Amino acid sequence: MIRPLLLAGLCLCVLTAPANAAGIPALTGKYLEARTCEVFTGPCFANADTGLAGTNGIMAWKVETGSLDGVTLDGLSVVAVVAASETLGLKQNGDGKALLLVDSRANAEQRDALVRLARRLGGELTRNVIKVESTSIALDICECKQGGCATLSAGKAHIETRCIDDRHDKTCGNEWALYPPLSKSVEARAAVAVEHSFTGKELNETWKDGERRGAYLGTFTTR
(Lines give C-alpha, C1' and ligand atoms only; values in the text may rest on other atoms or scores of the structure.)
Protein backbone atom coordinates (compact mmCIF):
# COMPACT_ATOMS: atom_id res chain seq x y z
CA MET A 1 0.00 0.00 0.00
CA ILE A 2 2.96 2.30 0.58
CA ARG A 3 4.32 2.06 -2.96
CA PRO A 4 1.15 3.34 -4.75
CA LEU A 5 1.02 6.30 -2.41
CA LEU A 6 4.62 7.19 -3.19
CA LEU A 7 3.94 6.91 -6.91
CA ALA A 8 0.92 9.16 -6.54
CA GLY A 9 3.08 11.71 -4.75
CA LEU A 10 5.67 11.58 -7.52
CA CYS A 11 2.96 12.10 -10.14
CA LEU A 12 1.68 15.11 -8.23
CA CYS A 13 5.16 16.63 -8.20
CA VAL A 14 5.56 16.06 -11.93
CA LEU A 15 2.23 17.68 -12.66
CA THR A 16 2.73 20.74 -10.48
CA ALA A 17 6.39 21.48 -11.11
CA PRO A 18 5.96 22.98 -14.60
CA ALA A 19 3.39 25.48 -13.29
CA ASN A 20 5.74 26.60 -10.51
CA ALA A 21 8.67 26.84 -12.91
CA ALA A 22 6.71 28.58 -15.65
CA GLY A 23 8.41 31.90 -14.95
CA ILE A 24 7.42 35.13 -13.29
CA PRO A 25 4.17 34.95 -11.28
CA ALA A 26 1.23 36.79 -12.78
CA LEU A 27 0.63 40.36 -11.70
CA THR A 28 -2.89 40.96 -10.50
CA GLY A 29 -4.48 44.13 -9.23
CA LYS A 30 -7.07 46.89 -9.47
CA TYR A 31 -7.57 49.19 -12.45
CA LEU A 32 -9.27 52.56 -12.85
CA GLU A 33 -9.48 55.00 -15.75
CA ALA A 34 -11.34 58.12 -16.76
CA ARG A 35 -11.32 60.18 -19.94
CA THR A 36 -12.88 63.37 -21.23
CA CYS A 37 -15.40 61.62 -23.45
CA GLU A 38 -18.25 59.17 -23.01
CA VAL A 39 -17.37 55.46 -23.01
CA PHE A 40 -20.87 54.24 -22.13
CA THR A 41 -22.68 55.88 -24.99
CA GLY A 42 -25.13 55.73 -27.86
CA PRO A 43 -24.31 56.78 -31.43
CA CYS A 44 -25.52 60.35 -30.94
CA PHE A 45 -23.19 60.94 -27.99
CA ALA A 46 -20.27 59.19 -29.68
CA ASN A 47 -20.65 61.36 -32.78
CA ALA A 48 -20.73 64.49 -30.64
CA ASP A 49 -17.44 63.56 -28.95
CA THR A 50 -15.47 62.26 -31.92
CA GLY A 51 -12.89 64.77 -33.07
CA LEU A 52 -14.08 67.36 -30.55
CA ALA A 53 -13.49 65.89 -27.07
CA GLY A 54 -11.87 62.99 -25.29
CA THR A 55 -8.19 63.60 -25.93
CA ASN A 56 -7.26 63.45 -22.23
CA GLY A 57 -7.38 60.59 -19.78
CA ILE A 58 -5.95 58.96 -16.69
CA MET A 59 -5.12 55.26 -16.21
CA ALA A 60 -4.25 53.83 -12.79
CA TRP A 61 -2.99 50.37 -11.85
CA LYS A 62 -2.60 49.08 -8.28
CA VAL A 63 -0.73 45.81 -7.95
CA GLU A 64 -2.24 43.50 -5.36
CA THR A 65 0.26 40.69 -5.79
CA GLY A 66 2.99 39.63 -8.17
CA SER A 67 6.25 40.72 -9.73
CA LEU A 68 7.60 42.03 -13.01
CA ASP A 69 10.99 40.91 -14.29
CA GLY A 70 11.69 39.46 -10.86
CA VAL A 71 10.81 42.66 -8.99
CA THR A 72 8.05 42.31 -6.39
CA LEU A 73 5.42 45.05 -6.68
CA ASP A 74 2.85 44.02 -4.07
CA GLY A 75 0.72 46.99 -2.96
CA LEU A 76 2.37 49.54 -5.26
CA SER A 77 0.63 51.74 -7.84
CA VAL A 78 1.42 53.62 -11.03
CA VAL A 79 -0.69 56.21 -12.86
CA ALA A 80 -0.48 57.40 -16.47
CA VAL A 81 -1.87 60.83 -17.32
CA VAL A 82 -2.22 60.98 -21.09
CA ALA A 83 -2.86 63.61 -23.73
CA ALA A 84 -3.63 62.26 -27.19
CA SER A 85 -4.06 63.98 -30.52
CA GLU A 86 -7.37 62.24 -31.22
CA THR A 87 -10.44 61.17 -29.29
CA LEU A 88 -9.45 58.36 -26.93
CA GLY A 89 -11.18 55.14 -27.84
CA LEU A 90 -10.50 55.44 -31.53
CA LYS A 91 -7.34 54.30 -33.29
CA GLN A 92 -4.50 56.65 -32.37
CA ASN A 93 -2.74 57.73 -35.55
CA GLY A 94 -1.20 60.92 -34.20
CA ASP A 95 1.35 61.60 -31.51
CA GLY A 96 0.45 61.44 -27.84
CA LYS A 97 2.32 61.96 -24.59
CA ALA A 98 2.14 60.64 -21.06
CA LEU A 99 3.15 61.69 -17.57
CA LEU A 100 3.80 58.73 -15.28
CA LEU A 101 3.14 59.08 -11.56
CA VAL A 102 4.93 56.35 -9.62
CA ASP A 103 4.20 55.28 -6.05
CA SER A 104 6.54 57.17 -3.73
CA ARG A 105 6.94 54.05 -1.58
CA ALA A 106 8.72 52.23 -4.40
CA ASN A 107 12.49 51.85 -4.31
CA ALA A 108 14.59 52.51 -7.43
CA GLU A 109 14.20 48.97 -8.76
CA GLN A 110 10.45 48.94 -8.16
CA ARG A 111 10.08 52.39 -9.70
CA ASP A 112 11.69 51.19 -12.93
CA ALA A 113 9.48 48.11 -12.93
CA LEU A 114 6.33 50.20 -12.45
CA VAL A 115 7.33 52.37 -15.40
CA ARG A 116 7.78 49.26 -17.54
CA LEU A 117 4.38 47.98 -16.37
CA ALA A 118 2.65 51.23 -17.38
CA ARG A 119 4.40 51.24 -20.75
CA ARG A 120 3.40 47.63 -21.37
CA LEU A 121 -0.26 47.95 -20.36
CA GLY A 122 -0.78 51.47 -21.73
CA GLY A 123 0.42 50.58 -25.23
CA GLU A 124 0.64 53.47 -27.67
CA LEU A 125 -0.68 55.92 -25.10
CA THR A 126 2.35 55.42 -22.85
CA ARG A 127 5.00 55.05 -25.53
CA ASN A 128 6.04 58.71 -25.37
CA VAL A 129 6.68 59.33 -21.66
CA ILE A 130 7.71 62.94 -21.12
CA LYS A 131 8.30 62.67 -17.37
CA VAL A 132 8.25 60.22 -14.48
CA GLU A 133 7.37 61.64 -11.08
CA SER A 134 7.14 60.03 -7.64
CA THR A 135 4.10 60.86 -5.54
CA SER A 136 1.76 59.35 -2.97
CA ILE A 137 -1.00 57.35 -4.66
CA ALA A 138 -4.28 56.24 -3.10
CA LEU A 139 -6.45 54.03 -5.31
CA ASP A 140 -9.57 52.50 -3.78
CA ILE A 141 -12.24 50.47 -5.55
CA CYS A 142 -15.24 49.39 -3.52
CA GLU A 143 -16.32 45.77 -3.33
CA CYS A 144 -20.03 46.65 -3.23
CA LYS A 145 -22.63 44.79 -5.26
CA GLN A 146 -22.93 47.51 -7.90
CA GLY A 147 -19.13 47.79 -8.19
CA GLY A 148 -19.07 51.30 -9.61
CA CYS A 149 -17.46 53.31 -6.82
CA ALA A 150 -13.78 54.20 -6.89
CA THR A 151 -11.44 57.03 -5.97
CA LEU A 152 -7.95 57.97 -7.07
CA SER A 153 -5.71 60.61 -5.56
CA ALA A 154 -2.27 60.80 -7.14
CA GLY A 155 -0.68 64.22 -6.73
CA LYS A 156 -2.17 66.35 -9.50
CA ALA A 157 -4.52 63.62 -10.77
CA HIS A 158 -7.92 62.84 -9.26
CA ILE A 159 -10.81 60.51 -10.13
CA GLU A 160 -14.05 59.73 -8.32
CA THR A 161 -16.67 57.43 -9.81
CA ARG A 162 -20.14 56.08 -9.14
CA CYS A 163 -22.37 53.45 -10.69
CA ILE A 164 -24.30 54.14 -13.88
CA ASP A 165 -27.93 54.63 -12.90
CA ASP A 166 -30.36 53.03 -15.33
CA ARG A 167 -33.04 55.59 -14.43
CA HIS A 168 -31.02 58.79 -14.74
CA ASP A 169 -27.87 58.10 -16.77
CA LYS A 170 -29.46 56.47 -19.79
CA THR A 171 -31.12 59.06 -21.99
CA CYS A 172 -31.49 57.68 -25.50
CA GLY A 173 -32.16 54.05 -24.61
CA ASN A 174 -29.35 52.74 -26.81
CA GLU A 175 -26.27 53.29 -24.64
CA TRP A 176 -23.66 50.61 -24.17
CA ALA A 177 -19.93 50.36 -23.47
CA LEU A 178 -18.92 51.49 -26.94
CA TYR A 179 -15.22 52.17 -26.34
CA PRO A 180 -13.16 49.46 -24.59
CA PRO A 181 -10.83 50.25 -21.68
CA LEU A 182 -7.60 52.00 -22.63
CA SER A 183 -5.38 49.51 -20.81
CA LYS A 184 -4.46 46.03 -21.99
CA SER A 185 -5.17 42.90 -19.90
CA VAL A 186 -8.16 44.46 -18.15
CA GLU A 187 -11.61 43.27 -17.14
CA ALA A 188 -13.66 46.34 -16.28
CA ARG A 189 -17.12 47.86 -16.23
CA ALA A 190 -18.17 51.36 -17.22
CA ALA A 191 -18.99 53.95 -14.58
CA VAL A 192 -19.76 57.64 -14.21
CA ALA A 193 -16.77 59.86 -13.48
CA VAL A 194 -18.14 62.21 -10.82
CA GLU A 195 -14.78 63.98 -10.84
CA HIS A 196 -11.88 63.65 -13.25
CA SER A 197 -9.15 66.26 -13.14
CA PHE A 198 -5.49 67.00 -13.75
CA THR A 199 -3.85 70.24 -12.60
CA GLY A 200 -0.20 69.71 -13.55
CA LYS A 201 1.80 71.68 -16.11
CA GLU A 202 3.77 68.82 -17.66
CA LEU A 203 1.33 68.20 -20.54
CA ASN A 204 0.76 71.92 -21.24
CA GLU A 205 -2.94 71.40 -20.59
CA THR A 206 -5.18 70.79 -17.63
CA TRP A 207 -8.76 69.63 -17.30
CA LYS A 208 -11.59 69.29 -14.84
CA ASP A 209 -14.44 67.08 -15.94
CA GLY A 210 -17.38 65.60 -14.11
CA GLU A 211 -20.66 63.69 -14.25
CA ARG A 212 -19.61 62.00 -17.48
CA ARG A 213 -20.03 58.32 -18.31
CA GLY A 214 -16.35 58.22 -19.10
CA ALA A 215 -14.80 55.82 -16.57
CA TYR A 216 -13.88 52.17 -16.28
CA LEU A 217 -12.98 50.23 -13.15
CA GLY A 218 -12.07 46.63 -12.56
CA THR A 219 -9.05 44.36 -12.45
CA PHE A 220 -5.96 43.55 -14.50
CA THR A 221 -3.84 40.42 -14.82
CA THR A 222 -0.62 40.12 -16.75
CA ARG A 223 2.78 38.40 -16.81
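I need the calculated FRET efficiency for the pair GLU64 and ASP166, taking r as the beta carbon distance and R₀ as 30 Å, to the nearest 0.05.
Numbers: r = 30 Å, r/R0 = 1.01.
In this case the efficiency is close to 0.50.
Would you tell me the accessible area of THR55, worked out with a 1.4 angstrom probe on the heavy atoms of the protein chains, in Å² to the nearest 10?
Surface accessible to solvent at THR55 totals approximately 40 Å².
Would you list GLU86, GLU175 from the most to the least accessible area, probe 1.4 Å? Provide the component values of the computation, followed by the final result.
Working: GLU86 55, GLU175 20 Å².
Descending accessible area places them as GLU86, GLU175.
Which value in nm describes the separation of the simple spin-label points at SER153 and GLU124, placed 7 Å from the Cα toward the beta carbon?
Label-label distance for SER153 and GLU124, simple model: 3.6 nm.
Please list, by residue number, everything in segment 189-214 whose backbone N is under 19 Å from a paramagnetic label point 7 Å out along Cα→Cβ of GLU133.
What the label zone holds, given the 19 Å backbone N cut-off, is 196-209.
Run the numbers for ALA177 and LYS201: contour at 0.36 nm per residue of separation, minus the present Cα-Cα distance, in nm. Spell out each step's value before the answer.
Numbers: separation 24, 0.36 × 24 = 8.64 nm, distance 3.13 nm.
Extending this stretch completely gives an extra 5.5 nm.
Quick one: which of 155-165, 121-131 comes out on top by average Cβ neighbours within 10 Å, and what's the full order, highest first?
Working: 155-165: 19.6, 121-131: 16.6.
My ranking of the peptides, most packed first, is 155-165, 121-131.
The values are calculated or read from the model by the stated rules, or taken from the named source; none is laboratory data. Here the structure is a predicted model, which is why all the values come from computation and not from measurement. Positions of Cβ are generated from backbone atoms using ideal geometry, with glycine treated the same way; all protein chains shown enter the neighbour counts. Calculation scope for accessible area: heavy atoms of the full protein, side chains included, ligands and nucleic acids excluded. Shrake-Rupley method; radii C 1.70, N 1.55, O 1.52, S 1.80 Å.
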